[in-house]
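Here the structure comes first, spelled out in structure tokens, and everything after it is commentary.
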Amino acid sequence: MTPEETQRYSRHFSLPHLGVAGQKRLKRSKILCIGAGGLGSPALHYLCAAGVGTLGIIDHDRVELSNLQRQILYNVKDIGQLKTLAAKSRLLKQNPNIDIIAHPEKLTEKNALSIIQDYDIVLDGTDNFNARYLINDACCVLGKPNIYAGVFQFSGECSVFMPNNGPCYRCLYDTPPSISPNCSEAGVLGVVPGIMGTIQATEALKLALGQCSSLVGKVLRFNALNLTFETFTLSANPDCPLCSNGQSFYDLSHHHSQELCTMTSLNNDASTSTIEYITPQALKTLMEQNSDFILLDVREPEEYEECNLAGLLIPLRELNLRHHELDKEKSIIVHCRMDGRSLQAAEFLCQIGFPTVKYLKGGIVAWAQEIGDMPNISIPL
Amino acid sequence: MQIILFNNVSLSMERELTLAELLVQQGYEENGFAVAVNQTFVPRSTYASVCIREGDKVDVIVPMQGG
Ligand SMILES: [Zn+2]
């Protein structure tokens with residue numbers, strides 16, 4: 001250890017479980033952070049500052065202005081840059097003693113094993129279910145600890161999945177929900193991934209130091225609104241294809257089959273969707289004719305309060321639990337603010353057997369622009 | 001009457017129910033969530049055999065995909 005490092009890490013040296021020996025352990029450890037967004041930002045900051053010798057960062061995105069609300073690795077000058085490269089340059093300014101390996105690519109079934117195998121510990125800071133199942137399966141195959149966290153609006157959850165006997169992510173969630181909004185759809189309070197990513201870093205440091213993680217076989221759920229941390233116990237699920245009957249190998253090429261096919265089909269955008277749309281003018285005509293259809297609004301209650309078309313409100317994130325409130329005999333027209341959520345909802349309703357589903361093209365924004373007249377409006381759009 | 005805590009809201013059941021019955025009654029018919037009874041996750045294959053009775057705490061946990 002150099003004199004500079006001795007000074008830099010001096011606050012670690014008197015800690016039990018750490019000391020000079022522990023610091024050398026950290027320097028020898030290799031940690032991979034998958035996703036350099038809201039969770040990865042604080043996690044990478046602290047792992048870098050703590051002196052983890054090798055940090056890998058995998059992300060294929062570029063920095064956008066809307067990231068800066070929570071992704072504290074980046075600043076205005078980074079907008080448009082690859083996140084991995086912007087993160088690397090920022091982190092090296094914080095601690096030039098460590099190696100940072102940027103993987104500016106998307107994690108896929110093809111590259112997951114070869115990238116992950118070079119690291120000791122993996123942090124899952126991604127923002128979609130496909131990646132989360134892929135990371136879980138790859139870590140199980142390779143025998144790597146997977147420190148998982150996810151966030152939604154004011155809530156977060158975290159767990160540590162150790163290889164061999166589980167439990168793993170699939171033990172917890174055997175299949176993804178058929179619809180689930182991500183951060184850009186549902187929103188997230190910036191400090192929530194900050195807290196959860198910092199917890200991921202905490203557990204990563206403990207594992208790197210040879211200590212046990214407190215979150216093995218546990219799921220921690222955090223709620224920022226009432227500031228509660230709740231812990232649940234998780235055991236290996238006898239039905240988990242990875243953890244049951246000691247199965248040691250799982251073919252990653254199975255990834256997009258079965259359980260994830262519903263998710264990939266939901267990634268359709270308007271240009272590839274087969275769902276029919278209706279224009280605001282046509283909807284207005286239907287309304288004036290008192291046609292028998294259900295207008296379904298899949299926005300959040302707060303958005304509904306601001307302005308609405310007197311439709312039935314079922315937020316997208318609740319639709320998989322509340323679709324039975326809709327009459328299958330009737331045709332359904334879905335709308336949201338623009339097109340994103342309404343298309344997801346319409347795809348979902350079609351998949352579960354609703355015969356006639358359309359979406360309002362351009363959503364309530366287009367209605368406001370083309371028709372203007374808003375049946376229920378309290379404040380302007 | 002059996003009083004339980006379902007998703008942190010008090011709920012009264014006429015009789016003891018299996019977890020599977022309770023979930024159907026409460027409108028949870030799809031996959032894509034996990035269920036914890038008294039802070040412990042229950043495998044889906046045992047929903048029909050787990051009995052929910054007075055004082056139990058049942059939480060339906062939906063995964064968070066955001067990062
Ligand atoms: Zn498992």
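Overview of results
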quantity	calculated
Local net charge near A:Q94, Cβ-Cβ under 13 Å (Lys/Arg +1, Asp/Glu -1)	+4
Built amide H within the under 5 Å cut-off of B:T18, gap 5+	B:I52
Within chain B, helix-based [θ] at 222 nm, where runs of 4 or more DSSP H residues each add -39,500 (n - 2.57), nearest 500	-2500 deg cm²/dmol
Selected from A:S291, A:S235, A:S331 as most flexible by GNM, with chain A as the system and alpha-carbon contacts under 10 Å	A:S291
Cα centre as origin, Lys/Arg/Asp/Glu Cβ charges: the stretch A:3-252 dipole, Debye	820
222 nm mean residue ellipticity, helices alone, for chain A (DSSP H n ≥ 4; -39,500 (n - 2.57); rounded to 500)	-10000 deg cm²/dmol
Nearest-20 debye value, the stretch A:136-232 charge dipole, Cβ charges on Lys, Arg, Asp, Glu	220
Cross-link partners of A:K27 among aspartates and glutamates (Cα-Cα below 18 Å; sequence separation of 8 or more within a chain)	A:E4, A:E5, A:D99, A:D118, A:D120, A:E203
Proxy reagent accessibility, fewest Cβ within 10 Å first, across B:E54, A:E64	B:E54, A:E64
Span per principal axis, largest first, for the Cα atoms of the stretch A:268-377 (Å)	34, 28, 26
Over the stretch A:268-377, relative contact order from alpha-carbon pairs under 8 Å, at least 6 apart, %	36
28 Å Cα-Cα threshold exceeded, pairs from A:K30/A:K106; A:K93/A:K218; A:K24/A:K110; A:K24/A:K77; A:K110/A:K144	A:K93/A:K218; A:K24/A:K110; A:K24/A:K77
Ranked by how many other beta carbons lie within 10 Å on average, peptides A:221-231, A:98-108 from highest	A:98-108, A:221-231
Amide H contacts of A:Q81 (H built 1.01 Å from N, under 5 Å, at least 5 apart or other chain)	A:V63
Cα lying deepest toward the dipole's positive end in the stretch B:2-61, options B:S10, B:L22, B:V42, charges on Cβ	B:V42
Rg/Rh ratio calculated on Cα atoms of the stretch A:53-184 (Kirkwood radius)	0.97
Residues A:F348, B:F33, A:F13 arranged by fewest to most Cβ contacts within 10 Å	A:F13, B:F33, A:F348
Cross-link reach list, lysines versus A:K328, counting only Cα pairs under 16 Å and skipping chain neighbours closer than eight places	A:K358
The stretch A:3-252: antiparallel DSSP beta bridges as a percent of all, rounded to 5	50
A:V20, B:V9, A:V52, A:V365 arranged by Cβ crowding within 10 Å, fewest neighbours leading	B:V9, A:V20, A:V365, A:V52
Overall Cα dimensions of the protein assembly as shown, principal axis frame, Å, largest first	81, 57, 42
Isotropically averaged projected area of the stretch A:154-238, using the convex hull of Cα atoms (one quarter of hull area), nm²	6.6
Cα radius of gyration and Dmax for the stretch A:89-129 (Å)	12.6, 34
About the Cα centre, charge dipole magnitude for the protein assembly as shown (Lys/Arg +1, Asp/Glu -1 at Cβ), debye	2020
Contact order normalised by residue count of the stretch A:20-147, Cα under 8 Å, 6+ apart, percent	29
In the stretch B:10-50, GluC sites (Glu not before Pro) in a DSSP loop with at most 14 other beta-carbon atoms within 10 Å	B:E14, B:E16, B:E29
Rg and Dmax [Cα atoms of the stretch A:3-252; Å; Rg one decimal, Dmax integer]	17.4, 55
Values of log10 I(q)/I(0), in the order q = 0.10, 0.18, 0.19, 0.20 Å⁻¹, for the stretch A:6-93 under a Debye, Cα-only, solvent-free model	-0.29, -0.76, -0.81, -0.87
For chain B, alpha-carbon Rg relative to the globular expectation (2.2 N^0.38 Å, N residues)	1.08
Amide H within-cut-off set for A:I101, under 5 Å, with H built and near neighbours excluded	A:L55, A:G56, A:I57
Mean separation of Cα contacts under 8 Å (6+ apart) over length of chain B, as relative contact order %	44
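Read-outs throughout are calculated quantities, based only on the coordinates presented, and are distinct from any laboratory measurement. Keep in mind the model is a prediction, meaning the values are calculated, not measured. Because the Cβ atoms are built from the backbone with ideal geometry, glycine has one as well, and the counts that use them run over all protein chains shown.
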